[in-house]
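Written below as structure tokens is the structure these notes are about.
The values are calculated or read from the model by the stated rules, or taken from the named source; none is laboratory data. Since this is a predicted model, take the numbers as computed values, not measurements. Ideal geometry is used to build each Cβ from the backbone, glycine not excepted, and the neighbour counts take in all protein chains shown.
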Amino acid sequence: EVQLLESGGGLVQPGGSLRLSCAASGFAFSNYAMSWVRQAPGKGLEWVSVISGSGGSTYYADSVRGRFTISRDDSKNTLYLQMNSLRAEDTAVYYCAKVTSNWNYFDYWGQGTLVTVSS
Amino acid sequence: QSALTQPASVSGSPGQSITISCTGTSSDVGGYNYVSWYQQHPGKAPKLMIYGVSNRPSGVSNRFSGSKSGNTASLTISGLQAEDEADYYCSSYTSSSTLYVFGTGTKVTVL
């Protein structure tokens, strides 16, 4: 059974940093691209970033490019999102999601971790 | 990259059929057969319901079906049930640097 468990969320001041983690199990983690998707309170889904199975390719939404860094440690079956220069508009539940082998869909999602950016 | 456009809400009575539209552009919905649909119950994670415009993952009820015409994709729920009450989001691969775009979301209410 595929399981994705996010952690690392919390309250941070504007301009601060936070690192999210997503522990994966139940599938060959290193073989699949992984992604982060966020959802601001009461709002819709917004794609944030994706990383290839090898970790060699990364892509970002325009809203986070240059501030967020996605990475992975295949030896630990763990996905990360380093978030710097956080803004109030980054407040959201952050979900990690497994990407299908053709890179076109998100077939499994974690339960999410809440990030609140506020002074 | 703007979000795909969905109606804010759709409602129907038990047993009825409803259809949710998802309108994009030739750079996303119209340009690729990579449209997917996700169901999200309050406080829960999204769940993949349709991929590749009209394919259902294993375990998803055949009451859910998808289609596409031009720049607009659609999700139809037939035989509406109380458990179908949720938010639904479409998504598409896009040729922009963003790679993926989601719809604005539709709240389905079972009357």
Matching entry among B:GLN81, B:GLN40 (being surrounded by fewer than 22 Cβ atoms within 10 Å (Cβ to Cβ), farther than 18 Å from B:GLN1 by Cα, modelled with pLDDT of 95 or more and within 11 Å of another protein chain (Cβ to nearest Cβ))
B:GLN40
So which residues in the range A:39-72 are charged (D, E, K, R) and either modelled with pLDDT of 95 or more or closer than 22 Å to B:TYR88 by Cα (or both), if there are any at all?
A:LYS43, A:GLU46, A:ARG65, A:ARG67, A:ARG72
Quick one: A:THR91 ticks every box in (1) under 15 Å from the mean Cα position of the chain (by Cα); (2) within 27 Å of B:TYR32 (Cβ to Cβ); (3) surrounded by fewer than 20 Cβ atoms within 10 Å (Cβ to Cβ); (4) not charged (D, E, K, R) except a single one, so which number is it?
(2)
Specify which of the listed residues (A:ALA97, A:ALA61) is surrounded by 20 or more Cβ atoms within 10 Å (Cβ to Cβ), over 30 Å from B:GLY59 (Cα atoms) and at the interface with chain B (Cβ under 9 Å from one of its Cβ atoms).
A:ALA61
Flagged in the range A:109-119 as more than 8 Å from chain B (Cβ to nearest Cβ) and in a strand (DSSP E or B), in numbering order, are A:THR113, A:LEU114, A:VAL115, A:THR116, A:VAL117
For the structure I just gave you, tell me whether A:SER54 is in contact with a helix residue (DSSP H, G or I) (Cβ under 9 Å, 6 or more places away or on another chain) and outside any strand (DSSP E or B).
yes
Given the conditions (1) in contact (Cβ under 8 Å) with a residue 40 or more places away in the chain; (2) more than 17 Å from B:PHE102 (Cβ to Cβ); (3) in a strand (DSSP E or B), every one holds for B:SER65 apart from (1)
